Amino acid sequence: MNWSEQSLLVTGGTGSFGKKFVEIMVRDCQPRRLVIFSRDEVKQREMKASGFDHPGIQYFVGDVRDASSLERALAGVTVVIHAAAIKDIRICKNSPFEAIQTNIIGCRNVVNASVGQHATRILLLSTDKAVNAVSLYDAPKLCGEKMFVQANAFGRR
């Protein structure tokens, strides 16, 4: 893939994976545009101040729970990497509605917005725990995986 022609969006772009992903993409691949999508404007400001201030980087404050903000952020994006999730097992256990909203509905919103905006590839970060889902952390991740597999099948028709 010729990355210099691609426009990427990473949800959860200010998290640990997102920051490393952005660092590697800017250093090694130089995509045309890289959108960092996250709901934490403080982390976005800190990320920019710590050296993530490349001309191709665009910061977009939004939440995967909000389909309309995803649609706006995805305009012109060709590759989507979905890393936003509630990852703390205790939080998922104690706040099941939050886990469902972010880890299931958020996945659905990313898939729908990506397909609607004609992204050519959508990828999901997941976990080995989704294989034998037994908790409110594992089960939503399993649901997300199934949605992304199906969404990528749509693109091959």
> Across segment 112-139, which residue is nearest to Ile89 (Cα to Cα) among those that are at pLDDT 80 or above and assigned to a helix (DSSP H, G or I)?
Replying inline: Asp138
> Which condition breaks for Asp138 when tested against (1) surrounded by 15 or more Cβ atoms within 10 Å (Cβ to Cβ); (2) out of contact with any Ser or Thr (no Cβ under 6 Å at 6 or more places or on another chain); (3) in contact (Cβ under 8 Å) with a residue 12 or more places away in the chain?
Replying inline: (3)
> If only one of Ala67, Ala133 is free of Cβ contacts under 8 Å to residues at least 24 places away in the same chain and either surrounded by 18 or more Cβ atoms within 10 Å (Cβ to Cβ) or not aromatic (Phe, Trp, Tyr) (or both), which one is it?
Replying inline: Ala133
>> Any residue that is more than 18 Å from Ser114 (Cα to Cα), under 12 Å from the mean Cα position of the chain (by Cα) and either part of a loop (DSSP other than H, G, I, E, B) or not aliphatic (A, V, I, L, M) (or both) - is there at least one of those in segment 1-15?
In response: yes
> modelled with pLDDT under 95 and surrounded by fewer than 13 Cβ atoms within 10 Å (Cβ to Cβ), is that true of Asp40?
Replying inline: no
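The values are calculated or read from the model by the stated rules, or taken from the named source; none is laboratory data. What you see is a predicted model, and the numbers here were worked out from it, not measured in a lab. No Cβ is skipped: glycine too gets one built from the backbone with ideal geometry, and neighbour counts run over all protein chains shown.
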